Amino acid sequence: MTPFSPPLLLRNGHTQSILNGAGPRRWLMDRRCHALAAQQEFQLLDCGDGVRLTGAFNKSRCATDSLVIVLHGWEGSYTSTYVVSATTTLLNAGFDVFRLNLRDHGPSLHLNRGLFNATLTPEVTAAVQRIQQLYPARRTLLAGYSMGGNFALRIAADSGTELNLAATVAISPPLVPAHTMAILERRRSIYQHYFFSKWKRSLATKLYYFPDLAYGPLLDRCRNLHDINRFFIPDHTPCQTPADYFASYALTGQRLAHLTCPAWLITSGDDPLVPASDLSAVLPPQALTIERTNNGGHCGFLRNLRLDSWVEQRLVKIFSGLPG
């Protein structure tokens, strides 16, 4: 593994996290997103039980007969800066790529009446199966960022054999979600403002399409993430309390015990949203390799002042080095 050692100006976790999706990098990836859109195949995926998800497929010009399915983070989408950047890198390395939108992310708020929540791994698993049918490849690979990485590891542990996954990589996944949410809920946190604004806007848009959900008055009174969780968790997830909900998608203890396909968990010691100490609560099975860098922030891993991504090159090396 090539060590990750960013320049001095990028050795701050907040700097890495923010620059990953803002400023010059975002402007550059917006242009690349237009290029991807010109060549993509947009798909509406039937995931069974009336559930529909969306995504886009791009074929590499020098295909290796390997398909990477990329999952974004919470309140991201298939056009998120880090997803577009990773897709471009993977395509250039010869991998076909499908960027999957989780429920209520990207242009999909109108498709399903039920709200997105972190327990919905069955429908994402069904989406992976449908993608494999549409774009058969010798190898299927799964990569996820943040919440998408959390989904990826749980799917690999629960259904990796059934899906015949060749490998899974999770980048900066929440390990103890209750700890991550506690960080997000801190007063005057830039992360609280960012996620609260985006989530509240998504929930308001959802209500436009499904007014019978009738949570408008509750949403209007919400001033922070804690306020939303107070009605969202008992009313729109299988759980009744925040403690039960956040525990339902934790990666701690034996949660990944049934993981048999090769998997990597990549995280950084200065991640402002996922405490490095949470790694001690994960009991990694033999198939899981944990890579912890000193720097990198949350999903950042920017390796130079051009804001190129080290972790994207790591994805290519992992996926290219697999047997077969």
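The values are calculated or read from the model by the stated rules, or taken from the named source; none is laboratory data. These figures come from a predicted structure and were not determined experimentally. Cβ: placed from backbone, ideal geometry, glycine included. Neighbour counts: every protein chain shown. Heads up: the accessible areas ignore ligands, DNA and RNA and are worked out on the full protein's heavy atoms, side chains in. Shrake-Rupley method; radii C 1.70, N 1.55, O 1.52, S 1.80 Å.
Between GLN43, ASN12, ASN58, the Cα set farthest toward the positive side of the dipole of the chain (charges on each charged residue's Cβ, about the Cα centre) is that of ASN12.
Amide H contacts under 5 Å for THR293: THR267, SER268, GLY269, restricted to partners 5 or more places along the chain or on a different chain, H placed in the peptide plane at 1.01 Å from N. Put one equal scatterer on each alpha carbon of the range 99-210, apply the Debye formula with no solvent term, and list log10 I(q)/I(0) at q = 0.16, 0.19, 0.23 1/Å to two decimals. Each listed q corresponds, in turn, to -0.85, -1.10, -1.33.
About its Cα centre, the chain has a charge dipole of approximately 820 debye under the convention of +1 per Lys or Arg Cβ and -1 per Asp or Glu Cβ, with nothing else charged.
Surface composition of the chain: carbon and sulfur atoms hold 53% of the protein heavy-atom accessible area at a 1.4 Å probe. Applying 1/(1 + (r/R0)^6) with r as the Cβ-Cβ distance of LYS59 and ASN304 and R0 = 22 angstrom yields a FRET efficiency of 0.15.
For the range 11-89, the extents of the C-alpha atoms along the principal axes are 44, 33, 21 Å, listed from largest to smallest.
Calculated accessible area for the range 1-139 comes out at 43 Å² per residue, all protein chains present (probe 1.4 Å; ligands, DNA, RNA ignored). Scaling against 2.2 N^0.38 Å puts the C-alpha radius of gyration of the range 205-284 at 1.49. Calculated accessible area for the range 201-251 comes out at 54 Å² per residue, all protein chains present (probe 1.4 Å; ligands, DNA, RNA ignored). Between LEU134 and LEU44, the simple label model (points 7 Å from Cα in the Cβ direction) yields a spacing of 1.2 nm. Compared with the rule-of-thumb size 2.2 N^0.38 Å for a compact globular protein, the range 148-215 has a Cα radius of gyration ratio of 1.52. Per residue, the solvent-accessible area of the range 253-315 (1.4 Å probe, heavy atoms of protein chains only, all protein chains present) comes to 41 Å². Taking 0.36 nm per residue of sequence separation and removing the Cα-Cα distance, the HIS226/ALA281 pair yields an extension gain of 17.3 nm.
Find, among the trypsin sites (Lys or Arg not before Pro) in the range 152-220, those assigned to loop by DSSP (not H, G, I, E, B) with at most 14 other beta-carbon atoms within 10 angstrom.
ARG186, ARG187, ARG188
Here the range 1-133 is assigned +1 on the Cβ of each Lys and Arg and -1 on the Cβ of each Asp and Glu. Its dipole about the Cα centre then comes out at about 400 debye.
Two decimals is fine: what is log10 I(q)/I(0) at q = 0.10 Å⁻¹ for the range 190-324, from a Debye sum with one equal scatterer on every Cα and no solvent? Taking Cα atoms of the range 190-324 as identical point scatterers yields -0.53.
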